[in-house]
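Any read-out appearing in this document is the output of simple, stated calculations on the displayed coordinates, not a laboratory observation. Since the model is a prediction, treat every value here as computed from it, not as a measurement. Positions of Cβ are backbone-derived with ideal geometry, glycine not excepted, and every protein chain shown enters the neighbour counts.
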Number of protein chains: 2
Amino acid sequence: MSQLKLDSSGSGLPLYRQLAEAIRRLVDTGELQTGDRLPATRELAGQLGLNRTTVSAAYAALEESGFLEGQVGRGSFVAARKTREAEPYFAAEPLDWDTLFPAGDWARPQAASPVEISFASSRPPEEDFPLAVFRQLAKETIESTELTEILQLGSPLGYGPLRRYLLAQAQQAGVARAGDDILITNGCQQALDLLSRLLSGNANRAVAVEDPVYHGLIRVLGPSVRDVVPVPVMEDGINIEALEKALAEKRPRLLIVTPSFQNPTGATLSVERRKAVIRLAHRFGSVLVENDIYSELRYEGEPLPTLKELDHTGSTILLRSYSKIAFPGLRVGWVLGPRPVVARLAEKKQWADLHSDHLSQAILLRFAESGELTHHLERTRRAGKDRLHAVCDACSRYLPSGSRWRRPQGGMSLWVELPAPLRADSLLARARERGVDYLPGSYFSSGQAARIRSLRLGFGGLSPAVIRRGVQILGGAAREELAAYSASAGLEPAMALV
Amino acid sequence: MSQLKLDSSGSGLPLYRQLAEAIRRLVDTGELQTGDRLPATRELAGQLGLNRTTVSAAYAALEESGFLEGQVGRGSFVAARKTREAEPYFAAEPLDWDTLFPAGDWARPQAASPVEISFASSRPPEEDFPLAVFRQLAKETIESTELTEILQLGSPLGYGPLRRYLLAQAQQAGVARAGDDILITNGCQQALDLLSRLLSGNANRAVAVEDPVYHGLIRVLGPSVRDVVPVPVMEDGINIEALEKALAEKRPRLLIVTPSFQNPTGATLSVERRKAVIRLAHRFGSVLVENDIYSELRYEGEPLPTLKELDHTGSTILLRSYSKIAFPGLRVGWVLGPRPVVARLAEKKQWADLHSDHLSQAILLRFAESGELTHHLERTRRAGKDRLHAVCDACSRYLPSGSRWRRPQGGMSLWVELPAPLRADSLLARARERGVDYLPGSYFSSGQAARIRSLRLGFGGLSPAVIRRGVQILGGAAREELAAYSASAGLEPAMALV
């Protein structure tokens, strides 16, 4: 029986089943024959360095299924061929999924008490959905003769009429150049995923990203990206000196930047800094990817040109989406970039899910073409301005002194730094007890050092009144937490005064 | 200048730009200072083993941008700091996408002449779409109070009402067990993709698949699967002896099987063979994945139980989709499996695209709940029976003698083996000249040996008359090809008769 070899870890089968299988193979290969006696359990356990109960369990399973025959006091024997092959030789059990596929770390722990006011997500408020307009345009779409094309299988690139519309719009605006093309994706999230797949098999799989950055980007880079290069984001956007150093040292294949109302910091790059980012990307040969899903949500100040417009080589890849500015339940975003890279992304898209759902693409096309998207955006911006005012005002009123934030001119989130010794993660437990939820800064860290005092207040989906109430509760929790720190500090033994 | 080091291949920057960058770094580090003279181009080219024109181009670019100053007859000098830092130091060029992201091999060469009759795809015929019913149900969906939920961001698991409906249906049918859950995907393609992502980072990434098999499965397994284990499919489905051998030797983590109307062979496993597949999966600890997107398209004979039903441990993962049986332009499929594995797939889904588009999920739920899907399936099966009859009848009439196929009882494709010396790939050129397209067997190979005489006739989307005409043209092309073989055989020098 010395030939017995068990699988090393990772097979997902319990050891006794691996042993039973190994014994079965010895019979298959003729090492053991009908009537042969197996070693005593103690003896075999010793030979193989196994627990004796493992060997007993293997023998028992093989006997139960008729593969071995046990004779009391004499041991276990290989059964006759006919008996052994009649049935599955042991009762199958459910698989051990935790061993097979270890769980990831994506899930946030649920709040113990019900959340009344959540600053945790950044999704548009559903009260503002223009339902009547949507119903009308959806009905027109459904009644149209295009319905057959909508319901039939299509191109990985997306629904033709929408692609043509978006490309023409981008050309008119000076964002698209000759040689650019468009791929429709399931929101911006899928665009990020397809970009990360583009790197799989690439010799250089390093990607430079902002730090802190949207947590969904960190997660999507996990499997295929060998090296995430974090570049700090300051109050005025990605730090240019740090970017130069990172690009020079790591030469990442991709550089992903959100120049307007970055998630989570809300930071926006000036035109000069945008140009500096482009120059650095050119200089070090990194492909520049511009995440531009928030720029339409500008409530104050003048719009700034995209990196895509400023990059006269036309190499920048621009990501946009209807999710943040229209209806996030309809998953329609797009990639605008040079045709060769769009073609490669379309290949990845084909094997990811063939193509994006047609119906929502067709309805959103009508929403944009009819001018209703523009109207909706105007309303959204007015409402957004009120929300932004509410959240900044409430922070001034209710957060403990020493708290810092920089008022963004748009977007959906405010990045708040609490005064020491407060920590965003420990404060969260107290805030949740009072019904208020948010995401602590650690959630957005792409680098080593998490910003332990920072937190993101996603205000985009809440009314000004709810925002005020939420920040008030948060401020109360913070003061309570500060008091607890002082109390415990008071309990520490006083130093001798010498 | 001996410290100059250029990037080895893969940076995507031309050599002269790499050299210019390297020179710039020497200035940054202080090795070169304002006013220093650079070596003559010939000299530096010799030192670095570069072409002299490369060095000249680097100097020229650095001079043009003010980083170096050229003095006629004296050489090139490092410019003053102020001059060097004023502007981008050389004109950026578009990126070389082919070097950055080498193209894949997914694209089929386009037919040179227009395709009149395509047996290449397997999509449902759009003439059979129940447009009036769809319009009615879509309008009801849009008018309903659920619209707000539909338009808002949702769960990675999918639209709640559809998930609950599908789970209840599966429980009623005895397919789902306690402890099972459902994840909505963008068609079956995305389910396959998410399963392959489940393996990324897993110690065992081997997957056993049928050979031949749906080409989209082979492509999706590419990036994250280290080892594709092909198992031959015979006329009665996956070969059980070969499967046992493959599982015993390779111990793949997943085993993906299409028991009914397999694509491309149309083969269906008997109940006995289904049980054997399950026993083998249990015995070797492989997770069994059942691709069940065709079983509803049974035109003849009795329905067979799914692997999921037969597997009393409940471990089998079942993939289904509305794409093949309703409207492929709406991308809605689902995974039914034990809750732990569905939760892990939902994690992958979240970072792939957050969740599937809600609107189509809501409309398809009404399509199913109202009984209209059942009516549509009845009509589809009647039409499918006519198509199946037409394609088999036409093959009997028009294909050259020695051609072989096995009539399936359903599905969308017929797998034809041509007689020697015909080859499916060379015949394709001739068929396309005559306006008929199909996919040769090589397209579906997951193993080493491609079936060079086999081809797939996707008949699901064509009317019986078009099918007959298409097979007639194909038969004519085959006979012409055979005649060409005979003619060229006749041209070979005759052997001396001794």
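Which angle from 0 to 90°, rounded to the nearest 10, does the C-alpha axis of helix B:271-284 make with the longest principal axis of chain B? Roughly 40 degrees, rounded to the nearest 10. Look at the dipole of chain B built from charges on Cβ: of B:L153, B:A208, B:A191, the Cα furthest out on the positive end belongs to B:A208. Computed from backbone phi with θ = phi - 60° and the Karplus coefficients 6.51, -1.76 and 1.60, the 3J(HN,Hα) list for segment A:184-194 is 7, 10, 7, x, 5, 4, 5, 4, 4, 5, 5 Hz; x is used for glycine and proline. Within chain A, antiparallel bridges make up roughly 60 percent of the DSSP beta bridges whose residues both belong there. Scaled to the globular estimate 2.2 N^0.38 Å, the Cα spread of segment A:171-262, given as radius of gyration, is 1.16. Remark: relative contact order (segment B:211-306) = 28 percent; criterion is Cα-Cα distance under 8 angstrom and separation of 6 or more residues. Residues whose amide H comes within less than 5 Å of that of A:L68, counting only those at least five positions distant or on another chain, are A:E63, A:A79 (H built at 1.01 Å from N in the peptide plane). With a simple spin-label model that places each label point 7 Å from the Cα along the Cα-to-Cβ direction, the separation between A:E249 and A:A484 comes to 3.7 nm. Simple point charges give the picture: +1 on the Cβ of Lys and Arg, -1 on the Cβ of Asp and Glu, and for segment A:15-100 a dipole about the Cα centre of about 340 debye. With label points set 7 Å from Cα along Cα→Cβ, the inter-copy distances at B:S113 are 7.8 nm, sorted shortest first. Between A:K275 and A:R381, the FRET efficiency estimated from the beta carbon spacing at R0 = 25 angstrom works out to 0.40.
Each residue, A:K139 and B:R81, gets one label point 7 Å from its Cα in the Cβ direction; the gap between the two is 7.1 nm.
The H on the amide N of B:L439, modeled in the peptide plane, is under 5 Å from the matching H of B:R456, B:G458, each at least 5 residues off or on a different chain. When chain B is turned onto chain A, its residue with the beta carbon nearest the axis, and that distance in whole angstrom, is B:D357, 2.
Roughly what % antiparallel, to the nearest 5, for the DSSP beta bridges in segment B:129-370? For segment B:129-370, the DSSP antiparallel bridge percentage is about 45.
Considering the dipole of chain B built from charges on the beta carbon (Lys and Arg +1, Asp and Glu -1) around the Cα centre, which of B:S76, B:A173, B:L474 is farthest to its positive end? Checking the options against the dipole of chain B, the answer is B:A173.
The alpha-carbon of A:K308 sits under 16 angstrom from the alpha-carbons of these lysines, leaving out residues fewer than 8 places away in its chain: A:K275.
3J(HN,Hα) along segment A:309-324: 5, 6, 7, 6, 7, x, 7, 5, 9, 9, 10, 9, 7, 7, 4, 7 Hz, from the Karplus curve 6.51 cos²θ - 1.76 cosθ + 1.60 with θ = phi - 60°, whole Hz, x for Gly and Pro.
Rounded to the nearest 10 degrees, the inclination of helix B:339-353 to the longest alpha-carbon principal axis of chain B is 50 degrees.
Expressed as a whole percent, the proportion of Cα-Cα pairs in segment A:322-471 lying more than 24 Å apart is 51%. The calculated FRET efficiency for B:Q71 paired with B:L6, based on their beta-carbon distance and R0 = 30 Å, is about 0.70.
Each DSSP beta bridge with both residues in the protein assembly as shown is either parallel or antiparallel, and the antiparallel ones are about 60%.
So for the pair B:D36, A:A203, with labels modelled 7 Å out along Cα→Cβ, what separation do we get in nm? The modelled label-to-label distance comes out at 2.8 nm. Normalised Debye scattering of chain A at q = 0.12 Å⁻¹ gives log10 I(q)/I(0) of -1.04, counting only Cα atoms as equal scatterers and leaving out solvent. Relative contact order, whole percent, for chain A stands at 17, derived from Cα pairs under 8 Å and 6 or more residues apart.
Each principal axis of the Cα cloud of the protein assembly as shown was taken in turn, and the coordinate range along them, longest first, works out to 92, 85, 67 Å.
The charge dipole of segment A:128-370, taken about its Cα centre with unit charges on the Cβ atoms of Lys, Arg (+1), Asp and Glu (-1) only, comes to about 700 debye. Rounded to the nearest 20, the Cβ-based charge dipole of the protein assembly as shown about its Cα centre (Lys and Arg +1, Asp and Glu -1) stands at 600 debye. Helix A:464-491 and the longest principal axis of the C-alpha atoms of chain A enclose an angle of approximately 60°.
Rg and Dmax of segment A:128-370, both derived from C-alpha coordinates alone, stand at 17.9, 57 Å.
Highest-first packing order for the peptide set B:191-198, A:448-455 is B:191-198, A:448-455, based on the mean count of other beta carbon atoms within 10 Å.
Shape call for segment B:15-100 from the C-alpha gyration tensor, a ≥ b ≥ c root eigenvalues: rounded (a/c under 1.5), prolate (a/b greater than b/c) or oblate? Taking the square roots of the gyration eigenvalues as a ≥ b ≥ c, segment B:15-100 is oblate.
Distances, shortest first, from the label point of A:P400 to those at the same position in the other copies read 8.7 nm; the point lies 7 Å along Cα to C-beta. Ranked by the mean number of other Cβ atoms within 10 Å of their residues, highest first, the peptides A:131-137, A:260-266 come out as A:260-266, A:131-137. Applied to segment B:413-419, the Karplus parametrisation 6.51 cos²θ - 1.76 cosθ + 1.60 on θ = phi - 60° returns per-residue 3J(HN,Hα) values of 9, 10, 9, 10, 10, 7, x Hz, with x for Gly and Pro. Taking amide H positions as modeled 1.01 Å from N, with prolines and chain starts lacking one, the residues under 5 Å from A:D181 and 5 or more places away or on another chain are A:G337, A:R339. With a Förster radius of 25 Å applied to the beta-carbon distance between B:D236 and A:E64, the computed FRET efficiency rounds to 0.20.
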